Amino acid sequence: MPTVIQVNMHEAKSQLSQLAERVWAGDRVVIARAGKPYLDLLPHQPQVAVRKPGSLKGRIRIAPGFDAADADIADSFESSR
């Protein structure tokens, strides 16, 4: 069963590494300010961004002829053969 530890702000500053280890071990650490709970110390949980296809629909414009081959560029490739 996880232990709940309450420390004041000054103690948390001076013992942060030890408190972090206890959090990763499963204990709950509450940092108090003026004797009242102020913050919970939690392990980092990476946030995975959910991809939403089509979110830029209508906001991106592609110029007409974008896919048309540029004659100068095509000639450059062809002349190198």
Notebook entry, point to check: So which of Val29, Val23 ends up being closer than 30 Å to Met1 by Cβ, in contact with a Lys or Arg (Cβ under 8 Å, 6 or more places away or on another chain) and either surrounded by 11 or more Cβ atoms within 10 Å (Cβ to Cβ) or charged (D, E, K, R) (or both)?
Noted result: Val29
Note to self: Please go through the range 2-46 and give me each residue that is on the phi > 0 side of the Ramachandran plot and among the hydrophobic types (A, V, I, L, M, F, W, C), ordered by number.
What the structure shows: Ala34
Notebook entry, point to check: If Ser55 passes every condition in (1) loosely packed, with under 10 Cβ neighbours inside 10 Å; (2) hydroxyl-bearing (Ser, Thr, Tyr); (3) modelled with pLDDT of 95 or more but one, which one does it miss?
Noted result: (3)
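The values are calculated or read from the model by the stated rules, or taken from the named source; none is laboratory data. Since we're looking at a predicted model, the values are computed, not measured. As a convention, Cβ positions derive from the backbone with ideal geometry for all residues, glycine included, and neighbour counts pool all protein chains shown.
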